[in-house]
1. Can you list which of the chymotrypsin sites (Phe, Trp or Tyr not before Pro) found in the stretch 179-265 are DSSP loop residues with at most 12 other C-beta atoms within 10 Å?
2. Near PHE30, within a Cβ-to-Cβ distance under 15 Å, what is the net charge of the other residues, with Lys and Arg +1 and Asp and Glu -1?
3. Does the stretch 21-70 come out rounded, prolate or oblate, given a ≥ b ≥ c as the square roots of the eigenvalues of its C-alpha gyration tensor, rounded meaning a/c under 1.5 and, failing that, prolate meaning a/b above b/c?
4. Which value, in debye to the nearest 20, describes the size of the charge dipole of the chain about its Cα centre when Lys and Arg Cβ atoms bear +1, Asp and Glu Cβ atoms bear -1, and nothing else is charged?
5. At a Förster radius of 30 Å, what calculated FRET efficiency corresponds to the Cβ-Cβ distance of SER52 and LEU16, to the nearest 0.05?
6. What residues of the stretch 189-227 lie in the reach of a label at LEU64, counting those whose backbone N is under 14 Å from a point 7 Å from the Cα along Cα→Cβ?
7. Suppose R0 equals 30 Å; then what is the FRET efficiency for ALA247 and ASP171 from their Cβ-Cβ distance, rounded to the nearest 0.05?
8. For the stretch 88-172, what is the largest minus smallest coordinate of the Cα atoms on each principal axis, given in angstrom and ordered from greatest to least?
Amino acid sequence: MKRGILLPTFAIAGFLFLYIPIVSLIIYSFNKSKLVTVWGGWSTKWYGELLSDPQIMGAAWVSLKIGVISATLGTILGTMAAMVLTRFGRVRLRGLLTGMVTAPLIMPDVIIGLSLLLLFVAMEALIGWPAGRGVLTIVIAHTTFCMAYVAVVVQSRLVDMDDSIEEAAADLGARPLRVFFDITLPMIAPALISGWLLSFTLSLDDLVIASFVSGPGSSTLPMVIFSKVRLGVSPDINALATLIVLAVAIGIGTSWFVMRRKEKK
């Protein structure tokens, strides 16, 4: 009896601890007052000021562009790495390759950002590319750690997948490329979607690594928010955070609906 009461109590307490700050942030985004700690009535004027702020909107566009490109490249490279680690067991130095692929998962962001900055500076001195720091260097940096997360997600799906289906297709005369696109790719599609969404979220959320490898005119949204918050939280930041929460909720809901529909089929 006690166990039946304690488990729901702990679950409710955990959810309240996680979501009460988010709910309060959403409520205060409709605060009429300029002071975020003083309630001045309901208003949506901060959303209008947010959408008319060229700095925030420009940074949001840069972050979205970097997130889409980094997530796509990370998904492609991560899937290739997962296929090598899963399907080619006799590859030499397999343990070293596994460690190199998963290293960004446990390495501090400061170390990754600093090492990539030194790499870009050395490459520019040697071959003249990349010329300065900007969107390109941020994309390369984000792709580096995005592919590590995708590789782990896709690898776990490939390990649990039944190899006999691919073997049957190969026995019927299908070439390896045809087997991959007709058999393997549809079966790992949920893992690819999950990996892409995770990569996009991590890229959109990154502040430390982007701060190291960015340059003039390539400030991402987290960098702009951090610079504004250092001077004090303003209501338009609450409005921005609310829009991000709404976008994430819509993305998660859509992904869940699509995956649920595929499972039913």
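1. Of the chymotrypsin sites (Phe, Trp or Tyr not before Pro), not one in the loops of the stretch 179-265 has a Cβ with at most 12 other Cβ atoms within 10 Å.
2. Local charge sum for PHE30: +1.
3. Prolate, since a/c reaches 1.5 and a/b exceeds b/c.
4. The calculation lands at about 460 debye.
5. Efficiency for this residue pair is about 0.25.
6. 204, 221
7. Efficiency for this residue pair is about 0.05.
8. Ordered largest first, the stretch 88-172 gives principal extents of 52, 28, 26 Å.
Every number in this text was worked out from the coordinates using simple rules, so none of it is lab data. Values in this document were obtained by computation on a predicted structure and should not be read as measured data. Quick reminder, even Gly has a Cβ in these numbers, built from the backbone with ideal geometry, and neighbours come from all protein chains shown.
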